[in-house]
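Computed from the coordinates by the stated procedures, all read-outs in this text should not be read as laboratory data. If you're wondering where the values come from, they're calculated on a predicted model, not measured in any experiment. Cβ placement follows ideal geometry from the backbone for every residue including glycine, while neighbour counts extend to all protein chains displayed.
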Amino acid sequence: MKIRTLGRHARESFKSIGRNGWMTFASVSAVTVTLILVGVFFVIMMNLNKVAQTIEEDVQIRVHIDVAANDEDQQKLKSAIENISEVQSVKFSSKEQELKDLIKSMGEDGQAFKLFEQDNPLNDVFIVKTKKPQDTMNSAKEIGKLEYVTKAVYGKGTVEKLFNFIKASRNVGIVLIAGLFFTAVFLISNTIKITIIARRREIKIMRLVGATNNFIRWPFFLEGLWLGILGAILPIILISIAYYNAYEYLAPKLIGNFIQILPYSPFMYQVSGLLLLMGGLIGVWGSVMSVRKFLKV
Amino acid sequence: MIELQDVFKKYPNGVTAINGIDVRINQGEFVYVVGPSGAGKSTFIKMMYREEVPTSGTITMNGVNLAKLKNKKVPIFRRNLGVVFQDFKLLPMKTVYENVAFALEVIEAQPKYIKKRVMEVLDLVNLKHKARMLPTELSGGEQQRVSIARSIVNSPKVVIADEPTGNLDPETSWEIMNIFEEINNRGTTIVMATHNREIVNTIKHRVIAIEAGKIARDEQRGDYGYEN
């Protein structure tokens, strides 16, 4: 195809958008409403995922070392733990440090434990992190069998429930996003289809005058693309403004908390790109599929 | 030249619209196709612009056998043919100029040539001053003139017209016929299906009468021959 002809198709597609005012409005509105839904849901899902990831990464095994173990035994134990392939890091925390942390974590009530500073009943501890959070349970079991380990604690039960919950919510999220995506495709392409059905006579006339299928298809293809992009603009602006404000409000409150939300940049640029791409693709797909139906003459 | 040899057309519902037609139309002829409703005129005309395909037989136009023409090649074939319809078939969202220009855009003609040629044919049908109007802003006769302008903008050897005056008042019908006469005088073959007795009996040309899917009459400078 000549560049001149492509320019002609682009001009035609713009003219058509203007001339089919109400149809354009209907298609763009359908894209806008659906992409707002998809966008909001996507932003929530990505942030939940981030929280889940933070929680997962925070899971650790606390290995209580037998009081009978001397420095050399402790070194041996540390090496043994490090040799477990799933283990990422092993950090030593002395029983004095453990007591300080305990007192701190209990707040005012913790003052009562100050009495134990003279005769500390706690154990020295190795804090172990695994490469993958899911390996925590198996690694803890393995560590528990090593010499001089009194117990290897990882929040048994709670962690398992948490992982199951995260796994389930991720799956539900993926299913919901996929469902919403297909609903969006269906809704948008259906609206575009209706606008094209209204123009089927036009397509028939074009064929009678000698237009090839490609010649007819191109302006519709471009029109679908513009409709999709136009429909994505409002959701991008709305979601960006809303997220910016939400981030400005929430981020300072969450400092030091294990729950973090994704920073505005680059996350919002990625979401905007995704919405633009989705709008464009769905617009093109909807119009091409609908025109195809009328080109089989 | 157009040649139909032993052409039959049977629709899937069992109706035989064309029941063995042999006819030859030479370059530059003006031919009326007449006959009662349901005689097969429309099918005859539709087969000429390859809207319908014969069940058997051959239709040759400008050296192309339409019975064997692949769907993909149909648009290319139609570019060398002008077609005028009773209901004008104009693109409603395009101006008069754009409707006529479209036939040249599909063959990717140079923009300068398109502009020059479209204005030429609009001048011929006396619509140059309405080039920027939409079809809905025109009268029936004017819309038909746009449709004629579009059909001849590619300088086709043949123009097929299916009841071109069917929706027009008598006065406008004569105007339209004068335009067809002028196009024919320039050497273009015209094949026109019509129910207009007065026109056929006044502007004398070859008349092919179709009845029950067969040629009942084929006369040079013939009459309409039916009561309206």
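Computed on the Cα trace of the stretch A:26-87, the radius of gyration divided by the Kirkwood hydrodynamic radius gives Rg/Rh = 1.50. Taking the Cα centre of the stretch A:1-142 as origin and assigning +1 to Lys and Arg Cβ atoms and -1 to Asp and Glu Cβ atoms, the resulting dipole is close to 2140 debye.
Ranking B:F180, A:I65, A:Q75 by how far each Cα lies toward the positive end of the dipole of the protein assembly as shown (charges on Cβ) leaves B:F180 at the top.
Relative contact order, whole percent, for the stretch B:78-228 stands at 26, derived from Cα pairs under 8 Å and 6 or more residues apart.
If packing is taken as the mean number of other Cβ atoms within 10 Å per residue, what is the order of A:193-203, A:218-228, B:151-161, highest first?
A:218-228, B:151-161, A:193-203
In a simple Cβ point-charge model (Lys, Arg +1; Asp, Glu -1; nothing else charged), the protein assembly as shown has a dipole of about 2000 debye relative to its Cα centre. The spacing between the stretch A:61-98 and the stretch A:232-266, judged by their C-alpha centroids, is 40 Å.
Only aspartates and glutamates eight or more places from B:K128 in sequence, or on another chain, were considered; those with a Cα closer than 12 Å are B:E120, B:E142. Note on chain A: with a GNM built from Cα contacts shorter than 10 Å, the maximum mean-square fluctuation among A:P266, A:P133, A:P235 falls on A:P266. Here chain B carries DSSP beta bridges of which approximately 50% are antiparallel, counting only pairs with both residues inside. For peptide A:3-9, the mean count of partner chain Cβ atoms within 10 Å of a residue's Cβ comes to 2. Beyond 23 Å, the tail of the calculated P(r) for chain A holds 69 percent of the Cα pairs.
The HN-Hα couplings worked out from phi for the stretch A:24-31 by the Karplus form 6.51 cos²θ - 1.76 cosθ + 1.60 (θ = phi - 60°) are 4, 4, 4, 5, 5, 5, 4, 5 Hz, whole numbers, x standing for Gly and Pro. Remark: the protein assembly as shown projects, on average over all directions, an area of 37.0 nm² (convex hull of Cα atoms). Only one residue of A:L146, A:Q88, A:G231 has its Cα farthest out toward the positive end of the dipole of chain A, where Lys and Arg carry +1 and Asp and Glu -1 on Cβ, and that residue is A:G231. Dividing the convex hull volume of the alpha carbon atoms of the stretch B:123-228 by its residue count gives 119 Å³ per residue. Across the options B:S147, B:N62, B:F30, the greatest Cα extent toward the positive end of the charge dipole of chain B (unit charges at beta carbon of Lys, Arg, Asp, Glu) belongs to B:N62.
Using a cut-off of 28 Å between Cα atoms, the listed pairs A:K141/A:K253; B:K112/B:K204; A:K2/B:K9; A:K131/A:K167; B:K10/B:K94 include A:K141/A:K253; B:K112/B:K204; A:K2/B:K9; B:K10/B:K94 as exceeding that distance.
Overall, the stretch A:168-258 carries a charge dipole of about 480 debye about its Cα centre when +1 sits on the Cβ of Lys and Arg and -1 on the Cβ of Asp and Glu, all other atoms neutral.
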